[in-house]
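The values are calculated or read from the model by the stated rules, or taken from the named source; none is laboratory data. Quantities reported herein were computed from a predicted structural model and do not represent experimental measurements. Neighbour counts run over all protein chains shown; Cβ positions are idealised from the backbone, glycine included. For the accessible areas, the whole protein counts, side chains as well, though only heavy atoms, and no ligand, DNA or RNA atoms are used. Shrake-Rupley method; radii C 1.70, N 1.55, O 1.52, S 1.80 Å.
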Amino acid sequence: MAGKEHRKSKTGKKAEKRKAADKKKRGVTDEQRKQNPKAFAFQSANKAKAQQARSAEREQRRLHAPLLDKAAEEPPPFVVLVQGPPGVGKSTLIRCLVKHYTRQNLSDVRGPITVVAGKKRRITLVECPSDLCGMMDAAKYADLVLLLVDGSFGFEMETFEFLNLLQVHGFPKVMGVLTHLDGFRDASRLKKTKKKLKQRFWTEIYDGAKLFYLSGIQHGKYLKREVLNLARFISVMKHRPLTWRLAHPYTLVDRLEDVTPRELLRANPKCDRDVILYGYLRGTNMKPQQRVHIAGVGDFTIQELDSLPDPCPLPDTVKRRGLNDKERLLYAPMADVGGLLYDKDAVYIDIPDWKVQYTGDSGRPADEGEAMVRQLQAAQQPVDEALRRGKIRLFPGSRAIGEDGSTEGGYDEESESGPDDEDDDEDDDDGSDDVEDGRMRRAALFGDQAVPLQQSEEDASEDEEDDAEEEEEGSEDQEAGGSGRRQLQQASKRRRLSDGRAVPSGSEEEEKEDEEDGGDGDSDEDDDSEGMGAAARWKAGMAARTSAFFSERASDLAAFVYGKRAVADAAGDDDFEEAADGGARANDGKGLGDVDGDDDGGGGSEDTLDTCRVLARPEALTSWRGDAGAETLAALRNRFVTGDWAEGQRRAEARPAGSDGGSDGDEGGSDDEVFGDFEDLETGEKFGEKGAAAGGDADGDEDGDEGAGDEETYYDALKREMAARQAATRSLLDGLDPMTRLAMEGHRPGAYVRIRFIGLPCELVTHHDPRRPLLIGGLGQGEEKLGMMRVRFKRHRWFPKLLKCRDPLVFSVGWRRFQSLPVYATEDHNRRLRMLKYSPEHMHCIATVYGPLAPPNSGVAAVQRLDGQLASWRIAGTGVVTELDADVRVVKKLKLVGTPFKIHRHTAFVGGMFNSALEVAKFEGASVRTVSGIRGTIKKALRPGVGGSKDGAFRATFEDKPLLSDIVFLRAWVALDLPRFYNPVTNLEAEKGGGGWVGVRTVADLRRALGVGAPRSSDSLYRKIERAPRKFNPLKVPKSLQAALPFKTKPKLEPARKRKTLEQKRAVVLEPGEKKAYTLLQQLNAIRNEKARKRREQSARRHEQYDKKKAAEEEWRTKYNKEERKKRYREAGQVEKRRELGAQGGKAAKGAKRRKASTGDE
């Protein structure tokens, strides 16, 4: 049989390469296609139509409902959740990823771990708890889920349960990871296992879902190449924002701090606590005094909400391929790594004792962070004593004033100390100030993120060393050994810039010489001031500034009245940020406020002019003087309303209709008048006034000239409208001052916030486990109210039991987890909710749940037990909130039964259905029905004693005459009282090692615990129904009516005969010959029957002997087959054993041969 012919691929990289090579061979370029589009069009109309339809279908499949992009300028870290059953390798994978990103070893994985994964990406690694409550919370904040699967065991229940929870709460990105693959020795078996697990994974997620393979462990970690591949996918992974998270703020807590006063704790250890929680704000904006829900604890109000410096900031935007070691940040406060804890007004640095070595450093210069720690360690007095003895200076260079009013130090004392001593004093002072306000401690770890105003040669060399370090590790430690003093000098320069003491904007050569000499820009100025020190700074350039003020080029009255420094400080922050980003002004060596690059006489930040005004040069003002200036002014006057309007009318007529006003519009109009409209003869595109209208809107077309003729679709218009609204909102908010914007908008997502709560239960602090992360979710308007929710609910097909009405279930809706008693119902065609005793087996129903209201379309997951003792599937059912209704009416069918005791034609008196006349009055006019199908209506209640009636009897009319044996029943609907039970799941307040949170148990669990069976009613037991045969009277048709009927409808029933017929009563007498013949026939029949009996007996004996023979033969054959199978199994086992010995390397086989040969020689 011939093989199948090879068909070349039409899509993919190989096909694209082949097409590109073919185009290159034929000399076809994209420019030619644009210049002559008709030459490259379809030759077949059908083919062009099919391609057009296919393109339109692909475009429509690509479109999705547009969402408003609320991404912050600096988004919060990307939450990567590592989930899997216990013992599958979650902690090992997190440690490997942390080692890859930060090059640090993590001993214990506890709580969220935030690392910098790239120049624009941070990720937070979280290990998913194994309990159901932790899995429910993790499904609500995860952006990317790594599902770890034990390849040697296969998928476990926890994996599919978590996938089901993800589907309910939004389904973020999911990637699978197979571990424990080193247990496979057979390559073919490993390949089949991978294929089988991949197909099952694709079935649950989607076809083509990414699945990684971790082949084994070396030295307690996974292979570097496999971790690198996984990290690359994590670093570039994009996620579509979920609707619930876009509408609600939430925070994944990475640090908890108990700030309860110690006196209260000493008086009552179980008092409510004041707790501060830290974490990145995600979702949408959060405001102070907002109601939030802490998952597993309850609802609380935010007392304080503050933004803190980012403990794990993104690196500066620089053009480098990778990150250096200082930018590979790690923030995991619960895992005791990283060494930095940020508070509202302080930064805590934790340095292990084995890392602090102050002796034996062989004269190596200390860096800035080590110098700060040394200063803290060398403190000889407490903080309060230092503050009491401290001095304060109102102005730079003035005398220091102490607590007692005494002053010390002056200009002469500082000038005598010399330039170097002055720098050291400034460094010490700045260092102590920075310790108090917490700024420099952050710079101690992230020092290279604050770039100086001008980049020195040392900084450039450090950048080159960082780039080289990405290619080859270990080079920085050898080359940067003597840069500690330079870093201290640059840090001091940055501190002076932030305090308003800028470096003089001199030439670049002078600044480089100053940096090489170890000083800064102030040393030369101090030398030139003849010993006056810092007091002579404001005098420098006084004459130049005075002349500049009274000259024409700089008449800045505001700067003269309020001072240069106030004006410079107002604009200095933006300039400093611009310089820190490596702007051109910083590289050119210009100071703050230098507009045109000229040195205005000692230009520090105190001496700069107002940068909000653009100062014109004197050369630019010469054109406005003399005769030329008079003509310019005359032409300019006609531009105002006081000028010549006729000139403006002539100018408007000369301008084309499509051009705008102003000088730019005049220039564009003159070009259109000269050239006019023209058409490209090759492409057919028109340019000019008419061509612009035919060409479409070029701003909304991303593809340029190719899509110039395309019309704007509804999807594009919707996206453009949303973008315009967002831009307008952002522009309005940007125009507000920071405090007003914060009060109006709240804290934006991406900020690292400090949230303070009061009145939290003490069990949260005492039983807090870092391995169970806290989730704080903001509540929307009306979400904290209790009410009835209609849920479209379905029992999970893997749950082993039907769900009974009013049995407690634990629901996960929104941020909450609570227990409630659902009532199941189905909706009839008339919108009536009819109660169901049990949930349907294979269809949806309506569940009415009482609890905190959630918005419609919110996902719902329900479980029956949280203790995890179920060996089978634990997710009881899933659903979605459809409606919020305060008054849900669920009815139950009620069947009332009665019997007639008196009948008169179509009217009957019925009793036994009601107990009083009042009940009968409520059901007047209701429809009743008999068992035989006769319909009727309730008319009125009977007085007791009328016709032998009792209380509750009534009169009813029917369509036909009922019988006394008929049973009359009434079908009615009764509204149910829905249970209003709400029990929040506060599992975080329970001790993990104890019994945990205990909710309401089902009736079956209570009976099982008490050993009590279900109650039995004798009336509810099934018995065999014994009914006596019923006799009906015969049908009697009157003779008069029979005579009028046709023959075919007359009754054909003959009456039973009382006497026998002639054939029955007459006797038969045989003749003698007949008697002989009859006797002969009887004798022959007897002989035949006897022969048949003997043949049957003989045949039975033969069959019995044959059966015995066959049984003996079958017994022998069974025994023979059994021996043959044993022999065959024995040989197969020996063959498999030899194969295993050969696979193990052959050492054992060689040893066996050697022993066999030695025994043979003996």
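First select every other residue whose beta carbon is under 15 angstrom from the beta carbon of ILE1087; then total the charges, Lys and Arg +1, Asp and Glu -1.
So the surrounding residues net to +4.
Work out the charge dipole of segment 892-975 with +1 on the Cβ of Lys and Arg and -1 on the Cβ of Asp and Glu about the Cα centre, then indicate which of VAL928, GLY912, ALA953 is farthest towards its positive end.
VAL928
Would you list GLU370, GLU711, GLU1140, GLU16 from the most to the least accessible area, probe 1.4 Å?
Final ranking, largest accessible area leading: GLU711, GLU16, GLU1140, GLU370.
Of the trypsin sites (Lys or Arg not before Pro) in segment 780-862, which ones lie in a loop per DSSP and count no more than 13 other C-beta atoms within 10 Å?
Counting only loop positions with at most 13 other Cβ atoms within 10 Å, the trypsin sites (Lys or Arg not before Pro) in segment 780-862 are LYS785, ARG797, LYS801, ARG831, ARG832, LYS837.
With a cut-off of at most 16 other beta carbons within 10 Å, and DSSP calling the residue loop, which GluC sites (Glu not before Pro) in segment 813-905 qualify? Please list them.
GLU841
Considering Cα pairs under 8 angstrom that are at least six residues apart, work out the relative contact order of segment 892-975 and quote it in whole percent.
Across segment 892-975, relative contact order equals 43 percent.
For a distance above 19 Å, tell me the whole-number percent of Cα pairs in segment 1084-1142 that qualify.
Every Cα pair in segment 1084-1142 considered, those over 19 Å come to 63 percent.
Ranked from highest to lowest mean number of other Cβ atoms within 10 Å per residue, what is the order of the peptides 1052-1063, 203-214, 298-309?
Final packing ranking: 298-309, 203-214, 1052-1063.
Please work out how much length the chain gains when fully extended from ARG1095 to ALA724, using 0.36 nm per residue of separation minus the C-alpha to C-alpha distance, in nm with one decimal.
Between ARG1095 and ALA724, full extension yields an extra 122.8 nm.
Report the extension gain between TYR1022 and ALA15 in nm, rounded to one decimal, defined as 0.36 nm multiplied by the number of residues separating them, less their alpha carbon distance.
Computed gain between TYR1022 and ALA15 is 355.1 nm.
DSSP loop (so not H, G, I, E, B), at most 10 other Cβ within 10 Å: list which chymotrypsin sites (Phe, Trp or Tyr not before Pro) in segment 970-1042 pass both filters.
Here the sparse-neighbourhood loop sites are TYR1022, PHE1032.
Near the amide H of HIS796, under 5 Å away, which other amide H atoms are found, from residues 5 or more places off or on another chain, if H is placed in the peptide plane?
Under 5 Å from the amide H of HIS796 lie the amide H atoms of GLY877, THR878, each far enough along the sequence or on another chain.
Using only Cα atoms, figure out Rg for segment 892-975 and give it as a multiple of 2.2 N^0.38 Å.
Normalised by 2.2 N^0.38 Å, the Cα Rg of segment 892-975 equals 0.99.
Could you give the size of the charge dipole of segment 892-975 about its Cα centre, using +1 on the Cβ of each K and R and -1 on the Cβ of each D and E, expressed in debye and rounded to the nearest 20?
Magnitude of the dipole: close to 120 debye.
Kirkwood Rh and Cα-based Rg: tell me the resulting Rg over Rh for segment 160-314, rounded to two decimals.
Rounded to two decimals, Rg/Rh equals 1.10.
With a 1.4 Å probe and every protein chain left in place, tell me how much accessible area HIS100 has, in Å² to the nearest 10.
About 60 Å², rounded to the nearest 10.
Report the local net charge at LYS895: Lys and Arg +1, Asp and Glu -1, summed over other residues whose C-beta lies under 12 Å from its C-beta.
Summing Lys and Arg as +1 and Asp and Glu as -1 gives +4.
Provide the per-residue ³J(HN,Hα) series for segment 200-206, in order, calculated from phi with Karplus coefficients 6.51, -1.76, 1.60 and θ = phi - 60°, each as a whole number of Hz, with x at glycine and proline positions.
5, 5, 5, 4, 7, 9, 6
Please compute the net charge surrounding ARG291, taking Lys and Arg as +1 and Asp and Glu as -1 over other residues with Cβ under 9 Å from its Cβ.
Cβ neighbours under 9 Å give a net charge of -3.
How would HIS747, HIS1103 rank on accessible area, largest to smallest, probe 1.4 Å?
The residues order as HIS1103, HIS747, largest area first.
Apply the Karplus curve 6.51 cos²θ - 1.76 cosθ + 1.60, θ = phi - 60°, to the phi angles in segment 116-131 and return the couplings in whole Hz, x for Gly and Pro.
Coupling constants for segment 116-131: 8, 9, x, 5, 10, 9, 10, 10, 10, 8, 9, 8, 6, x, 8, 7 Hz.
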